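Working notes for the structure below.
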Amino acid sequence: MSNNNTEIEIRYLKYLIAASEYGSFRKAAAALGVQESSVSRRIRDIEDQIGASLFLRHPGGINLTIAGQRFLHRVRHALDHIRDGAAEVAAIGRAEDGYVKVGLFSSLSSGFLSNLFRTYDAKYGSVHIDFIDGEAHDHINSIRQFQLDIAFVIGLADWPGCDTTYLWSEQVLVALPEGHPLSAEDALTWRDLSSEKILIRDTAAGVRIQDYVIRKIREVECEPRVEAQRVGRYKLLNLVASGRGITLVIESENLVKVPGVTYRSLRGEVLQFYAVWSPKNDNPAFRTLLSLARAMARSSGASHAISHAHDSDGPHAEPSRNRDLSP
């Protein structure tokens with residue numbers, strides 16, 4: 001066998017380690033459950049391949065040569081790396097370890113997402129999760145480029161190259177300044193809002209919300225007053241607190257208490273939330289997150305409700321509203 005051929009079979013390195021530990025081919029063979037000749041022959045094959053003697057053979061047993069000591073050190077180090085690598089890959093495959101990037105629009109402070117990630121952390125605590133807040137169209141582009149694993153968005157739209165599933169719904173709330181006359185009502189209607197200045201964020205999603213608000217106000221034969229502001233969601237609530245207008249929020253955001261702001265439900269307005277992902281994404285940690293989200297949606301009865309909504313125009317259908325507000 002040529003000395004230039006250094007392709008050593010890993011499974012035979014255990015013979016080398018056992019022989020060094022027992023100081024005898026015979027004892028090593030007994031410990032491994034093989035013939036002594038097998039141990040001796042495999043070690044001789046390794047010596048021939050690397051071109052150096054690894055053991056000094058004598059009647060009382062064997063001893064490592066200097067070359068053998070150095071080679072054994074490298075072998076142990078290499079096998080440790082292989083074992084660590086195998087354990088790491090196995091853990092990722094079981095989603096015990098890993099990395100997930102999640103796009104958000106809704107708040108994590110309460111509701112479905114809060115419960116989802118609390119449950120996921122309890123099951124897969126070693127998975128690192130990056131949360132990215134942003135607009136849905138940005139999330140969808142990132143999903144297509146595998147820069148995001150999954151996004152949770154409002155409404156259903158046609159996103160080529162992506163899969164979607166319905167998960168939960170949330171009531172639309174009206175954020176009012178404390179002491180506002182409408183705060184005396186338990187629930188509000190679009191007619192109640194017709195004379196109010198409604199603040200909207202100056203974003204792509206904000207434009208769709210503005211169009212929706214204008215249409216709903218005009219349906220009650222009033223002329224809407226809508227004002228776009230270039231601020232974040234919670235800065236918009238600060239403007240509400242200062243009395244500059246009112247705004248619309250989703251149910252999961254009302255636990256974020258802003259001094260001077262109170263919330264009332266907007267009667268008949270419910271938004272549906274969907275998960276969006278690439279069907280080509282094989283990240284095991286993401287797949288377990290998606291599976292858990294679907295299971296939690298089913299257990300809450302959401303799947304039954306949405307089965308009607310996906311019919312063309314069933315009596316329980318809400319999607320027409322959601323499409324108006326979808327990204």
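The values are calculated or read from the model by the stated rules, or taken from the named source; none is laboratory data. These numbers were taken from a predicted model, which means no experiment stands behind them. Every residue, glycine among them, receives a Cβ derived from its backbone with ideal geometry; neighbour counts consider all protein chains shown. Heads up: the accessible areas ignore ligands, DNA and RNA and are worked out on the full protein's heavy atoms, side chains in. Shrake-Rupley method; radii C 1.70, N 1.55, O 1.52, S 1.80 Å.
Counting pairs of Cα atoms in segment 30-73, how many percent are more than 12 Å apart?
Percent of Cα pairs beyond 12 Å in segment 30-73: 65.
Would you kindly derive the ³J(HN,Hα) couplings of segment 60-69 from the backbone phi angles with the Karplus curve 6.51 cos²θ - 1.76 cosθ + 1.60 (θ = phi - 60°), listing them in order in whole Hz, with x for Gly and Pro?
Ordered by residue, 3J(HN,Hα) equals x, x, 9, 9, 5, 6, 4, 4, x, 4 Hz.
THR164 versus SER300, label points 7 Å from Cα toward the beta carbon: distance in nm?
1.8 nm
In whole Hz, with x marking every Gly and Pro, tabulate ³J(HN,Hα) for segment 279-284 from phi via Karplus 6.51 cos²θ - 1.76 cosθ + 1.60, θ = phi - 60°.
Values per residue, Gly and Pro as x: x, 8, 7, 10, 4, x Hz.
With a 1.4 Å probe and all protein chains left in place, how much of the accessible area of segment 181-225 comes from carbon and sulfur atoms, in whole percent?
Carbon and sulfur: 45 percent of the exposed surface of segment 181-225.
Among LYS101/LYS216; LYS123/LYS257; LYS14/LYS123; LYS101/LYS280, which pairs are too far apart, with a Cα-Cα distance over 26 Å?
Cα-Cα > 26 Å for LYS101/LYS216; LYS123/LYS257; LYS14/LYS123; rest within.
For ALA187 and ARG118, what is the calculated FRET efficiency with R₀ set at 30 Å and r taken between the beta-carbons, to the nearest 0.05? Before the final figure, lay out the partial values.
Details: r = 30 Å, r/R0 = 0.99.
For ALA187 and ARG118, the calculated efficiency is 0.50.
Compute the FRET efficiency between ILE132 and LYS14 as 1/(1 + (r/R0)^6), taking r as their Cβ-Cβ distance and R0 = 51 Å, and round to the nearest 0.05.
0.65
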